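The values are calculated or read from the model by the stated rules, or taken from the named source; none is laboratory data. Worth saying up front: this structure is predicted, and the values here are computed from it rather than measured. Heads up, the Cβs are rebuilt from the backbone with ideal geometry, glycines too, and the neighbour counts pull from every protein chain shown. What goes into the accessible areas is simple: the full protein's heavy atoms, side chains included, and nothing from ligands, DNA or RNA. Shrake-Rupley method; radii C 1.70, N 1.55, O 1.52, S 1.80 Å.
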Amino acid sequence: KDLILRKAREACTCNHQTITTFFCRLFPVLDWLPHYNIKTQLLGDVISGLLVGIVAIPQSISYSLLANQDPIYGIYTNFFCNIIYVAMATSRHNSVGSFGVLCLMIGQSVNRHLQLAGYSDHSTGSPLLGNSSSSSNGTGACDRSCYAITVALSLSFLVGLYQILLGVLQLGFVAVYLSEPLLSGFVTGSSLTIITSQMKYLLGLKIPRHEGVGSFILTWVDLFRYIQNTNICDLVTSLVALAIIVPVKEINDRYKEKMKAPFPIELLVVIVATVISYYFNFEERYKSAVCGDIPTGFRKPTLPDINLFSSLAVDALPIAVIGFAMTVSLAEIFGKKHGYTVRANQEMIAIGMCNLIPSFFYCFASSAALTKTLLKESTGTQTQVSGLVTSLVLLLVLLWIAPLFYSLQTSILGVVTIVNLRGGLRKFHDTPRMWQLSKLDTVVWWTTMLSSTLVTTEVGLLVGVCFALLCIIFRTQRPRATLLGKVSNTEIYEDQATYKQLSSIANIKIFRFESSLYYANKDYFKTVLYQKTGVNPVLLASRQRRVETQGNADTGNSKSFFGVRFGCLKPAKRRAEKPSVDACPPSIDMHTLILDCGAMQFVDTVGLSVLKETHRDYKEVGIQVLLANCNPSIRHRLREG
């Protein structure tokens, strides 16, 4: 009681110092901005922010297509979340915004709700054309575009709420269950799904967007079924864009150490393609799908649709988990590389605010983006001031430049999206090396990748997490168990099966079980112990009792022979001279068994019962059992039990 009261007083103490500390921890910008060095840091931040902003323009528009939204909403998302992240992040290098995997999951949820609401799929071959003048707050009729962004911003609100709750409740450790092979497999599987969803734009086909189990295969079936309807103009444009962007991106990657900044080939291709499409009138002449009207300026804030929360609650959870996992992992990677500390829980609150607040301004969910973060770090950013510069670049697009992208073909946006997924596809080249290092990790990667591709992204993530946990349980359920031998002239004991020239101690066997002893591996513990030592005390005790019983019976029978016939004495003597194998008492080549508990982290109640049974069973056959290298928690459990 006293401890609780003292902690409560400490937590609830309110003075100038605690208030200042609270706001500095909640808004880290208050801590580092007063110490900002304009001479040494500003130039790197401005250059980095400009380059990331230039890359963010085509990505914002193309990822909007992936999220089933109008292009303007992707620019809104990248603009607002960068400003908020500057104020609340502890990472100096993360670049937040629309992320391909999240946009895929958002698009799937939006499309599902559009179908449930009865909206026709009239624009499956093009983005949601035109920014609806109807508002989503009930002041007017809500068309398909309006309802799509209403679903997306309501989803973003829930995602941000989940992430803030995880950060406030100090649940950052949840990210540790998303291992690197699992995340890698999930990103690769999602990349394949994204590429599949973008193929219809590259070919100019109008096919329905499939959802749920088997959507990957069904989409490819439809692509081949309607391939005769391919728009030649879109196909040629896509191939030319791929032939230009991919080699230049490869050159950027290969010579990034020598180049001061990567060449912005994506933006250049987008500009040139827009100009060509406008002057040659691809929309009217070849029926190519284009972006259409992109309005300028900002819309009035709106509220999320509370009625959608119940149906979006489940969809928001995996998006929130993936979003904060990517953000925290990237922040920790670059924080470790550049020697500063990152607070995982604060990062979760920051990215949660980047989703919660922008949801009132027609934005969808975002997270740290890998490609833009790598670009930001490689171009010399020093602080998050570069994020403000990126937002200024996007502000120029929002206020003046956006309408100029009217004639931009959606096939070009599909190319930009696919090219940015090269990193996920390169993971296939790493699998042979991964197999050599860890077969179980490779199986986790393939399981997560295949389930994310062939089932759904959400189910794939769940399958990957469950399978990874099962692999951990399997490793502890059947751990390595060895007999130890002594290294000559030392007090070092090692595995006899691994090292040569180890001496064993006469009549003493040392057994090491390289895992904690608990309910899942109790049977394996006894099985491998009996196998390694060559002594099964239960069978041995049973055999000894059988020998004793048979001996007593033979003694009684021999006495009865004297009372019947003297001639039966000779056969009885012959039987006594040649006893059966079962009648021989079994020999034991040890008197002491030592259990090396150095690798045991804990022993549960079932494990404690196993140790008791082992001690009792071996004692019955004349073998004493000793425990060595027990840590304090195990010794405490042994004393209590």
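Could you point to the residue in Phe309, Val528, Ile54 farthest towards the positive end of the chain's charge dipole, with +1 and -1 charges on the Cβ of Lys/Arg and Asp/Glu respectively?
Val528
State, as an integer percentage, the relative contact order of the chain based on alpha-carbon contacts under 8 Å between residues 6 or more apart.
21
What does the accessible area of His591 come to, in Å² to the nearest 10, when a probe of 1.4 Å is used?
Counting only protein heavy atoms, His591 exposes about 90 Å² to solvent.
Taking a probe of 1.4 angstrom, what is the accessible area of Glu10 in Å², to the nearest 10?
Per-residue accessible area (Glu10): approximately 110 Å².
Of the listed pairs Lys376/Lys427; Lys256/Lys427; Lys287/Lys372, which have alpha-carbon separations greater than 24 Å here?
From Lys376/Lys427; Lys256/Lys427; Lys287/Lys372, over 24 Å: Lys287/Lys372.
Ordered by residue, what ³J(HN,Hα) values in Hz, to whole numbers, does the stretch 55-66 give under the Karplus form 6.51 cos²θ - 1.76 cosθ + 1.60, where θ = phi - 60° and Gly and Pro are x?
Running phi through 6.51 cos²θ - 1.76 cosθ + 1.60 with θ = phi - 60° gives 5, 5, 4, x, 5, 4, 6, 5, 6, 4, 4, 5 Hz.
Only Cα pairs under 8 Å and at least 6 apart count here; give the relative contact order of the stretch 403-471 as a rounded whole percent.
Over the stretch 403-471, the number comes to 18 percent.
Let me have the 222 nm mean residue ellipticity of the chain computed from DSSP H runs of 4+ only, each contributing -39500 (n - 2.57), with the sum over all residues rounded to the nearest 500.
-20000 deg cm²/dmol
Keeping every protein chain in place, order His429, His636 by accessible area at 1.4 Å, biggest value first, i.e. largest first.
His429, His636
Once phi is turned into ³J(HN,Hα) by the Karplus curve 6.51 cos²θ - 1.76 cosθ + 1.60 with θ = phi - 60°, what whole-Hz value does each residue of the stretch 502-518 show in order, with x for glycine and proline?
9, 9, 9, 8, 4, 6, 10, 10, 10, 10, 10, 10, 8, 6, 5, 9, 9
When only DSSP loop residues count, what chymotrypsin sites (Phe, Trp or Tyr not before Pro) in the stretch 270-301 have their Cβ near at most 14 other Cβ atoms within 10 Å?
Hits after loop and neighbour filter: Phe280.
Would you mind telling me the share, in percent, of accessible area of the chain contributed by carbon and sulfur at probe 1.4 angstrom?
Of all accessible area on the chain, carbon and sulfur atoms account for 62 percent.
Read phi for every residue in the stretch 72-87 and hand back ³J(HN,Hα) as whole Hz from Karplus 6.51 cos²θ - 1.76 cosθ + 1.60, θ = phi - 60°, with x for Gly and Pro.
Karplus values, whole Hz, x for Gly and Pro: 4, 6, x, 5, 4, 4, 5, 5, 5, 5, 5, 5, 5, 5, 4, 7.
Dividing the convex hull volume of the alpha carbon atoms of the chain by its residue count, what do you get in Å³ per residue?
Looking at the chain, the number lands at 277 Å³ per residue.
Given Ala468, Thr447, Asn489, which one lies farthest toward the positive end of the charge dipole of the stretch 431-518, if we put +1 on the Cβ of every Lys and Arg and -1 on the Cβ of every Asp and Glu?
Asn489
May I ask you to give the solvent-accessible area per residue for the chain, in square angstrom, as obtained with a 1.4 angstrom probe?
50
Work out the FRET efficiency for Ile492 and Glu10 from their Cβ-Cβ distance, taking R0 = 51 Å, and round it to the nearest 0.05.
Computed FRET efficiency for Ile492 and Glu10: 0.60.
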